[in-house]
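Colleague: Here's a structure for you.
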Ligand code: SAM
Ligand code: DTB
Ligand code: SF4
């Protein structure tokens with residue numbers, strides 16, 4: 001495994017981001033191969049369980065009540081509806097369901113109890129369950145963990161410096177506090193950000209400094225390209241260039257080597273070749289399904305065609321890399337680079353070769 005560093009400086013990260021493209025791709029792909037199976041990509045399905053009407057003012061978000069977008073707000077989804085959607089996602093190859101709510105923070109009460117029931121229900125389907133519900137207390141994180149939550153998504157979104165230009169109703173520090181609360185439970189952390197919001201390259205690097213300095217680093221890092229939605233303050237932003245996306249994915253892979261880098265919002269604007277370059281640069285996770293939370297996403301069949309074309313396989317649920325220290329000697333034979341990752345879920349270890357077998361079964 002690559003050595004995981006938590007003390008990256010902005011200057012070092014910028015130097016990586018700005019390397020000649022071929023150097024950057026080679027370095028990122030090398031780190032990727034040392035830490036992951038480069039032919040396996042996690043497929044996660046988003047489900048908006050509570051859409052619109054959010055009191056926050058995140059400048060990018062179509063679900064903020066104060067902006068005049070076309071979003072129709074709705075009540076919290078029922079547990080049976082969530083179960084039906086999760087089953088559909090599983091049938092189409094997803095190993096994870098991520099439930100999103102347009103909330104500022106979680107409030108104890110019947111709605112949170114309903115979310116806990118959703119978590120228990122999806123957990124029983126042998127899928128990873130992720131939630132993104134806004135700010136969370138330590139006690140709420142522990143209750144989600146007890147219900148079987150596998151991951152909690154809470155993005156830093158941008159650098160600490162630029163954060164206040166994007167959101168005024170909460171602070172960067174509040175985001176870190178929620179991530180800390182999640183870490184106090186045994187739920188894994190998913191945290192990343194958005195590019196294309198008018199930030200400088202220094203802000204992209206600053207966000208990666210903050211993510212890389214978390215100890216442990218997040219288990220997943222979603223990289224979103226801004227979906228510029230009419231009615232939001234960011235409606236007129238220039239689309240993100242594919243080259244920026246590739247550079248951001250590659251840099252993330254290098255500074256957060258063990259994480260799953262998720263190629264998140266913005267894939268509808270990317271060619272197949274562009275996405276393939278992102279996978280080569282170290283992206284190993286996508287959101288699948290024709291909708292993200294409220295905006296379009298590529299069709300599942302198109303994604304599966306792309307997987308076929310590239311020889312990629314969907315990752316099995318509960319597959320993650322643990323720390324390198326506790327590896328069985330056996331594994332070294334399987335790794336051309338001589339490194340020995342161990343694949344596990346809490347309380348359950350999958351040998352690297354078993355995993356490859358399981359993954360190829362999934363493809364048949
Ligand atoms: N309300 C919760 C929160 O803010 O943490 C959870 C839902 S919120 C929609 C989850 C994430 O979606 C945001 O942190 C942001 O990174 C991403 N997001 C929202 N709108 C987006 C957009 N227009 N383009 C790209 N990413 C977006
Ligand atoms: C993440 O980083 N991106 C997802 C998920 N985590 C929750 C959300 C993307 C939302 C894009 C805009 C929308 O569809 O509303
Ligand atoms: Fe609300 Fe989350 Fe959208 Fe911000 S990103 S407006 S908190 S739903």
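Colleague: Look at region 300-326 and say how many of its residues are at pLDDT 95 or above, within 24 Å of residue 49 (Cα to Cα) and not in a helix (DSSP H, G or I).
Modeller: Here the count works out to 0.
Colleague: I would also like to ask the following. Which residue out of 107, 34, 90 is more than 23 Å from residue 218 (Cβ to Cβ), under 22 Å from the mean Cα position of the chain (by Cα) and either part of a helix (DSSP H, G or I) or within 16 Å of ligand 3 (Cβ to nearest atom) (or both)?
Modeller: Exactly one residue qualifies, and that residue is 90.
Colleague: Any residue at all in region 108-118 that is under 29 Å from residue 303 (Cβ atoms), in contact with a strand residue (DSSP E or B) (Cβ under 7 Å, 6 or more places away or on another chain), at pLDDT 95 or above and more than 16 Å from ligand 1 (Cβ to nearest atom)?
Modeller: no
Colleague: Out of the residues in region 254-276 that are farther than 21 Å from residue 151 by Cα and touching a strand residue (DSSP E or B) at 6+ places or on another chain (Cβ under 9 Å), which is farthest from ligand 2 (Cβ to nearest atom)?
Modeller: Ranking the candidates gives 275 first.
Colleague: In addition: Taking region 245-278, which residues are part of a loop (DSSP other than H, G, I, E, B) and within 15 Å of the chain's Cα centre (by Cα)?
Modeller: Hits for region 245-278 are 256, 257, 258, 259, 264, 265, 266.
Colleague: Another question about this same structure. Kindly establish whether residue 207 is under 24 Å from residue 46 (Cα atoms), more than 16 Å from ligand 3 (Cβ to nearest atom) and crowded, with 23+ Cβ neighbours inside 10 Å.
Modeller: No.
Colleague: Identify the residue in region 112-128 that is part of a helix (DSSP H, G or I) and in contact (Cβ under 8 Å) with a residue 60 or more places away in the chain and, among all such residues, is nearest to residue 54 (Cα to Cα).
Modeller: Among those that are part of a helix (DSSP H, G or I) and in contact (Cβ under 8 Å) with a residue 60 or more places away in the chain, it is 115.
Colleague: Out of all the residues in region 249-258, which are surrounded by 23 or more Cβ atoms within 10 Å (Cβ to Cβ) and either under 21 Å from residue 309 (Cβ atoms) or away from ligand 1 (no atom under 16 Å from the Cβ) (or both)?
Modeller: The answer is 249, 250, 251, 253, 254, 255, 256, 257.
Colleague: Follow-up question, since we're still on this one. So the check is Cβ under 7 Å with 6+ separation or different chains; which pairs have a first residue in region 136-151 that's within 12 Å of residue 183 (Cβ to Cβ) and a second one that's at pLDDT 95 or above and in a helix (DSSP H, G or I)?
Modeller: 136/178; 136/181; 136/182; 138/181; 141/181; 141/182
Colleague: Output yes when any residue across region 73-96 is over 22 Å from residue 262 (Cα atoms), modelled with pLDDT under 95, out of contact with any helix residue (DSSP H, G or I) (no Cβ under 7 Å at 6 or more places or on another chain) and within 15 Å of ligand 2 (Cβ to nearest atom), and no when none is.
Modeller: There is at least one residue in region 73-96 that is over 22 Å from residue 262 (Cα atoms), modelled with pLDDT under 95, out of contact with any helix residue (DSSP H, G or I) (no Cβ under 7 Å at 6 or more places or on another chain) and within 15 Å of ligand 2 (Cβ to nearest atom).
The values are calculated or read from the model by the stated rules, or taken from the named source; none is laboratory data. As the structure is a prediction and not an experimental result, all values here were calculated from the model. When we count neighbours, we look across all protein chains shown, and the Cβ atoms used for this are built from the backbone with ideal geometry, even at glycine.
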